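Below is one structure, written out as structure tokens; the observations come after it.
The values are calculated or read from the model by the stated rules, or taken from the named source; none is laboratory data. Computed from a prediction, not measured in an experiment: that's the story for all the values here. Heads up, the Cβs are rebuilt from the backbone with ideal geometry, glycines too, and the neighbour counts pull from every protein chain shown. Remember, those area values only see protein heavy atoms, side chains included, never the ligands or the DNA or RNA. Shrake-Rupley method; radii C 1.70, N 1.55, O 1.52, S 1.80 Å.
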Amino acid sequence: MPSSPGRVARSHVKAVRAFNRFYTQRIGILRRYLDSDFTLTEVRVLYELAHRPPLTARELVRDLELDPGYLSRILRRFEHAGWLARETAAHDARQNLLRLTEAGYATFAPLQQKSRDEAAALLAARPPAARPRLIEAMQTVHRLLEAPAAAGRRIVLRDPRPGDLGWVVQLHGELYAREYGFDAQFEALVADVAAKYLRDFDPAWEKGWIAEVDGERAGSVFLVRKSATVAKLRLLVLLPQARGLGLGGRLTDECIAFARARGYRKVVLWTQSILTAARHIYASRGFVLKESQPYTAFGHALVAETWELKL
């Protein structure tokens, strides 16, 4: 007789446990994580703070399913080391917002690069023809184990409508001020880009996308004409609560597909070295870093980067 939905075959349980043992050993969790003095949990907390600032301790407890006391000890260690800063939330004086300091980002950056290098080494050990199958299998596991609430969210990529570009400018201004401390000059730059897109829009060669999650705007990206053979990806942005849904990758993929369909030979983009999540999306799609240039803007010393993808 077939098993009921509430019962699981012992052989299936055994198979899951065997895979867990194999995979945790394969990715090195059983030794010092990333050859560092950090535990896996500590690195994951650093990751969340680096990619989703500002956060409250309550959000970290909920999203990472951590014991509050254990998280409190981790945060105290980070704060003592000078990696973590706290500030009172404007919406609730009882809540502290947590963000990494410059020293915290400097501590996390080599860990993130080490993680990337190990993932690359894991893939490099497989024959090139087998790598897409491996990634597809991982994505299948991810999708099937994803929480039903997240998997069931309604995601739509649509054309921009009146008012959307103003929202894109506002989102950039608010988000980059909150997460990176950028001043109003950054919002002015985005406003100039948005205005030029609206004023000079050529539908034969250019296109924009607004991402919606459950009927609410959640992100954007635009592809504009730079020359007859080169397109430029611009204004890729996501609300913090929309991260983790694969939207950044989907928006980037739409730009690449449109550029190919229009006969462009290359897609280029300009970004900042601190935007680690966006840089990962670009690299995973085959974009190559062509130029890095230190400069000062938006109230900070930054490193501007130019990436390109040959089609």
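If you take the residues of the stretch 125-145 that are of a type in the set (Gly, Ala, Ser) and over 23 Å from the mean Cα position of the chain (by Cα), which of them is surrounded by the fewest Cβ atoms within 10 Å (Cβ to Cβ)?
Going through the stretch 125-145, the residues of a type in the set (Gly, Ala, Ser) turn out to be 125, 129-130, 137.
Now restrict to residues that are over 23 Å from the mean Cα position of the chain (by Cα): 125, 129-130.
Details: 125: 9, 129: 7, 130: 11.
So, considering only residues that are of a type in the set (Gly, Ala, Ser) and over 23 Å from the mean Cα position of the chain (by Cα), the one surrounded by the fewest Cβ atoms within 10 Å (Cβ to Cβ) is 129.
Residue by residue through the stretch 198-239, note down the ones that are in contact with a helix residue (DSSP H, G or I) (Cβ under 9 Å, 6 or more places away or on another chain) and assigned to a loop (DSSP other than H, G, I, E, B).
Selection gives 206, 239.
What pairs come out if I take residues in the stretch 137-153 that are over 18 Å from residue 215 (Cα atoms) and modelled with pLDDT under 80 and pair them with residues that are open to solvent by less than 100 Å² (accessible area, probe 1.4 Å) and not basic (Lys, Arg) whose C-beta lies under 8 Å away, six or more apart or interchain?
That search, which allows pairs on different chains as well, returns 143/151.
Within the stretch 232-242, can one find any residue that is more than 20 Å from the chain's Cα centre (by Cα) and surrounded by fewer than 19 Cβ atoms within 10 Å (Cβ to Cβ)?
Looking through the stretch 232-242, none of the residues is more than 20 Å from the chain's Cα centre (by Cα) and surrounded by fewer than 19 Cβ atoms within 10 Å (Cβ to Cβ).
Would you mind listing the helices (runs of 4 or more DSSP H) fully within the stretch 118-196 where at least 2 residues are of a type in the set (Val, Ile, Thr)? Don't jump to the end; show me each part of the working.
Working: elements: 131-145, 148-151, 164-180.
Per the criteria, 131-145, 164-180.
For the stretch 94-120, give me the residue count where each residue is farther than 21 Å from residue 41 by Cα and either open to solvent by less than 60 Å² (accessible area, probe 1.4 Å) or touching a Phe, Trp or Tyr at 6+ places or on another chain (Cβ under 7 Å) (or both).
Within the stretch 94-120, residues that are farther than 21 Å from residue 41 by Cα and either open to solvent by less than 60 Å² (accessible area, probe 1.4 Å) or touching a Phe, Trp or Tyr at 6+ places or on another chain (Cβ under 7 Å) (or both) number 2.
Would you mention how many residues in the stretch 279-311 are assigned to a helix (DSSP H, G or I), free of Cβ contacts under 8 Å to residues at least 60 places away in the same chain and either of a type outside the set (A, V, I, L, M, F, W, C) or touching a helix residue (DSSP H, G or I) at 6+ places or on another chain (Cβ under 7 Å) (or both)?
Total satisfying the criteria: 4.
Looking at residue 189 and the list (1) out of contact with any Leu (no Cβ under 8 Å at 6 or more places or on another chain); (2) within 24 Å of residue 64 (Cα to Cα); (3) surrounded by 14 or more Cβ atoms within 10 Å (Cβ to Cβ), which single condition is not satisfied?
The single condition residue 189 does not satisfy is (2).
Would you point out which residue out of 227, 220 is of a type in the set (Gly, Ala, Ser) and over 24 Å from residue 154 (Cα atoms)? Can you show your working first?
Values: 220 fails: over 24 Å from residue 154 (Cα atoms).
Selected residue: 227, the only one of 227, 220 that is of a type in the set (Gly, Ala, Ser) and over 24 Å from residue 154 (Cα atoms).
Could you list, in sequence order, the residues of the stretch 243-260 that are of a type outside the set (A, V, I, L, M) and open to solvent by less than 30 Å² (accessible area, probe 1.4 Å)?
Answer for the stretch 243-260, where residues must be of a type outside the set (A, V, I, L, M) and open to solvent by less than 30 Å² (accessible area, probe 1.4 Å): 248, 249, 252, 255, 258.
Working only within the stretch 261-311, note down all residues that are open to solvent by 30 Å² or more (accessible area, probe 1.4 Å), within 23 Å of residue 179 (Cα to Cα) and more than 19 Å from the chain's Cα centre (by Cα).
292, 293, 294, 295, 296, 299, 300, 301 - these are the residues of the stretch 261-311 that are open to solvent by 30 Å² or more (accessible area, probe 1.4 Å), within 23 Å of residue 179 (Cα to Cα) and more than 19 Å from the chain's Cα centre (by Cα).
Looking at the structure I just gave you, is residue 86 modelled with pLDDT of 85 or more, charged (D, E, K, R) and either under 28 Å from residue 137 (Cβ atoms) or open to solvent by less than 100 Å² (accessible area, probe 1.4 Å) (or both)?
On the way: modelled with pLDDT of 85 or more: yes; charged (D, E, K, R): yes; either under 28 Å from residue 137 (Cβ atoms) or open to solvent by less than 100 Å² (accessible area, probe 1.4 Å) (or both): yes.
Yes.
Is it the case, given these coordinates, that residue 50 is surrounded by 15 or more Cβ atoms within 10 Å (Cβ to Cβ), at pLDDT 85 or above, touching a helix residue (DSSP H, G or I) at 6+ places or on another chain (Cβ under 9 Å) and part of a helix (DSSP H, G or I)?
yes
Can you find even one residue in the stretch 165-185 that is within 26 Å of residue 264 (Cα to Cα) and either in contact with a helix residue (DSSP H, G or I) (Cβ under 9 Å, 6 or more places away or on another chain) or surrounded by 11 or more Cβ atoms within 10 Å (Cβ to Cβ) (or both)?
Scanning the stretch 165-185 turns up at least one residue that is within 26 Å of residue 264 (Cα to Cα) and either in contact with a helix residue (DSSP H, G or I) (Cβ under 9 Å, 6 or more places away or on another chain) or surrounded by 11 or more Cβ atoms within 10 Å (Cβ to Cβ) (or both).
Determine whether the stretch 200-220 contains at least one residue that is crowded, with 19+ Cβ neighbours inside 10 Å, out of contact with any His (no Cβ under 6 Å at 6 or more places or on another chain) and under 28 Å from residue 120 (Cα atoms).
Taking every residue of the stretch 200-220 in turn, none turns out to be crowded, with 19+ Cβ neighbours inside 10 Å, out of contact with any His (no Cβ under 6 Å at 6 or more places or on another chain) and under 28 Å from residue 120 (Cα atoms).
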